[in-house]
Amino acid sequence: MSVIKKFAGQTAIYGLSTIISRLLNFILTPIYVRIYPAKVYGIFTVMFSWASILNAVLAFGMETTFFRYLNKYENDKQKVYNNTFIAILALSTVFLAFSTLFVGEIAAWMQEGKRYDEDYATFIKFFIWILVADALAVIPFAKVRADGRPVRYSFLKFVNILTFVGLNLFFIFVAPTIISKNLPGAAFLSEWFRPGWVGYVFLSNLIASVLTLILLIPELLQIRLNYDGKLLKDMMYYSIPVLIANISFIINENLDKVFLEKLLPPNISTTEVGIYGACSKIAIFLSIFIQAFRLGAEPFFFSHSKNKNSGVTYAKIMNYFIVAVCLIFVLLVANIELLKYFIGGGNSILAYFSGEATDTSAEALRQQALYWSGLKIVPVLLFGYLSLGIYINLSIWYKLSDQTRYGLYISGIGALLTIVLNLIFIPQFSFVASAWISLTVYSSMAVLSYIWGQKNYPIPYEIGKNISYILTSVTIVFVSFVVFDRNLIIGNTLFVIFTLVTFYIERKELRNLLRS
């Protein structure tokens, strides 16, 4: 079996688990937008944005460091495992101690300029423990991937998401039904249950994270709480630029939501964040593929780095990757008239086929109009994810060559652009500015990574072919979305033509891959 075929097989398993997990999570989006108004939806959009930033801090770049040092210390992998976990354990302990002391102050700061809600302190407590549990799971999860066990990885992720989704459905539908119909358990639930409380979303996440950590006990028991000071110092030097790069990347991904909350007038800010967050969910389908690719690619790239023709292999993987993301990009935009019903507020996707709304009340239709007002940014967000995927693919060069400072430079430039451009344009253009800035930043990072990478760690990418695919997909998306006003038939016809032409062009490569 060829190395690319093996890589594709493992990525397919990661991809299947990621797709199913994200789709299960995505099921909650139409429920959330129907249950919660845009203003309330904006609350957990902001909370999860802050959590993403802090996740990067607590992980401390140790996941990438773990894979790199496994490659360096092939005969002493246990020492690498111990050191990376101990580093995260120490940081998480410090974070837990200090953040718990200042919960009230954090809640007051997050609500500055708005009516104070005492529940915010409870939300923050939930997130502190979520962050710690997720941080402690980073290295055990990385070990599962490094050991080439995608099935176990997928199982753990399934349990996590099924727990999260199941508890959400319980708190949103089952518990109120038990109470209203006076079913067994109604008296117990009535003592503490709060219908429509958004805090149950966060509580569900906390329970899922703790359960996942418990299931990782077999990996945790393999850790020895002793460390090599010299090795740990070397790993810290390697990981600090990765950490800063990761923080910068998370800033690029999430700080726009925080800025929307802070820079727009208080009476509309949370609503605008809610609209932006809901429309971003449509772009999640492309994000799923990129996430699956990253899970399979990082350990593969490190383990394959010493092979003679590794550069050629990386170039081929980039080519297949760009073909895939361009096809997904076109497909999603072609069907946006269907996908919009996932964020339809009072309406469901069934309304498209039946011709009737599931909820025609004035408030439901108003919420629907609010959420759908953001659809114009979806193609921009998708193109941004496409650019991000290319950057993730390109970024392997500085990790393999131990030049992680370049990751710091690239992500730092991206973070600076994100901050400056959002500060300038959000007050005037709201979330539309955020979407275009996200695309600008990711594209700039991809270009910088390619230029510096070819100077320091040349890889023979088929740059002409890759750019041709990208420009063709962008043109088709523009024609489908703007010229033909999101017409389903025309959009999907263009997608089919694009797919057939692409497969014809790549027929020899695909034939060789299947035969290998």
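Simple spin-label estimate for ASP228 and ARG405 gives 2.5 nm between the two label positions (7 Å along the Cα-to-Cβ direction from each Cα). Only helices enter the 222 nm calculation for the chain: every DSSP H run of n ≥ 4 contributes -39,500 (n - 2.57), and dividing by all residues gives -27000 deg cm²/dmol, rounded to 500. Beyond 24 Å in Cα-Cα separation lie the following of the pairs LYS125/LYS262; LYS308/LYS399; LYS257/LYS465: LYS257/LYS465.
Say a site is exposed when it is one of the trypsin sites (Lys or Arg not before Pro), sits in a DSSP loop, and has at most 12 other Cβ atoms within 10 Å; what is then the longest site-free stretch of the chain?
Numbers: sites that count: ARG115, LYS181, ARG224, LYS306, LYS308.
Result, exposed sites excluded: 309-516.
In this rough spin-label picture, where each label sits 7 Å from Cα along the Cβ direction, the THR472-SER444 distance is 3.0 nm.
Rounded if a/c is under 1.5, else prolate if a/b is larger than b/c, else oblate: which is the range 170-319, with a ≥ b ≥ c the root eigenvalues of its Cα gyration tensor? Cα axes put the range 170-319 in the prolate bin.
Fully extending the segment from LYS72 to ILE240, taken as 0.36 nm per residue of separation minus the present Cα-Cα distance, adds 58.7 nm. Sorting PHE429, PHE293, PHE66, PHE484 from the fewest to the most surrounding beta carbons within 10 angstrom yields PHE429, PHE484, PHE293, PHE66.
Along the chain, the longest continuous region that contains none of the GluC sites (Glu not before Pro) in a DSSP loop with at most 16 other C-beta atoms within 10 Å is 192-355. A Cα-only calculation for the range 366-462 places Rg and Dmax at 16.1, 54 Å.
Within the chain, the proportion of C-alpha pairs whose separation exceeds 32 Å stands at 45%.
Its alpha carbons give the range 129-252 an Rg and a Dmax of 19.8, 64 Å. Taking every alpha-carbon pair within the range 458-516, the share separated by more than 18 Å comes to 49 percent. Stretched out straight at 0.36 nm per residue, the stretch from LEU488 to THR122 would grow longer than its current Cα-Cα span by 127.3 nm. Compared with the rule-of-thumb size 2.2 N^0.38 Å for a compact globular protein, the range 210-282 has a Cα radius of gyration ratio of 1.78.
Values in this text are rule-based calculations from the coordinates and carry no lab data. These numbers were taken from a predicted model, which means no experiment stands behind them. Methodologically, a virtual Cβ is constructed for each residue, glycine included, from the backbone with ideal geometry; neighbour enumeration extends over all protein chains shown.
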